[in-house]
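Here is the structure we will look at, set down as structure tokens.
The numbers here are math on the coordinates, done by the rules we state, and not lab data. All of these numbers come straight from a predicted model, not from anything done at the bench. Virtual Cβ from ideal backbone geometry, glycine too; neighbours counted across all protein chains shown.
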Amino acid sequence: MGKHEKLLLKILHGTSDRNIDFSDLCNLLKRMGFEEHIRGSHHIFRKAGIIEKINLQRDSNKAKAYQVRQVRNIILKYNLGDELNA
């Protein structure tokens, strides 16, 4: 199991929302096919077929816990876990 798969499981498990590295989360989203646009401190991720946009900001070197929860909800809603194996 690779680094991205382990991170995905950690996010989906939901017990470490405050301990997700910001850059790892950004890389995971890009690997899942999201496009990143940076506006100041905001990293905005969009993907065709996904209505919601994901707006992330750093909290030191970690992602904010509520934003990790938003990412988890989008992954579950659109069944994006299989995107890593594509």
Under a point spin-label approximation (7 Å from Cα along Cα-to-Cβ), what is the Asp59-Leu12 distance to one decimal in nm? 2.4 nm
Hey, what did the chain get for relative contact order, percent, Cα under 8 Å, at least 6 apart? 31 percent
About the Cα centre, charge dipole magnitude for the chain (Lys/Arg +1, Asp/Glu -1 at Cβ), debye: 180 debye
Give the cross-link partners of Lys3 among the aspartates and glutamates, using a straight C-alpha distance below 13 Å as the criterion and excluding same-chain residues fewer than 8 apart. Asp21, Asp24
Extension gain from Arg39 to Leu76, taking 0.36 nm per residue of separation minus the Cα-Cα distance: 10.7 nm
Projecting each Cα onto the charge dipole of the chain (Lys/Arg +1, Asp/Glu -1 at the beta carbon, about the Cα centre), which of Ser60, Asn27, Leu80 comes out farthest on the positive side? Ser60
Need the list of lysines near Lys77 for cross-linking: C-alpha distance under 22 angstrom, and skip anything on the same chain fewer than eight residues off. Lys6, Lys10, Lys30, Lys47, Lys53, Lys64
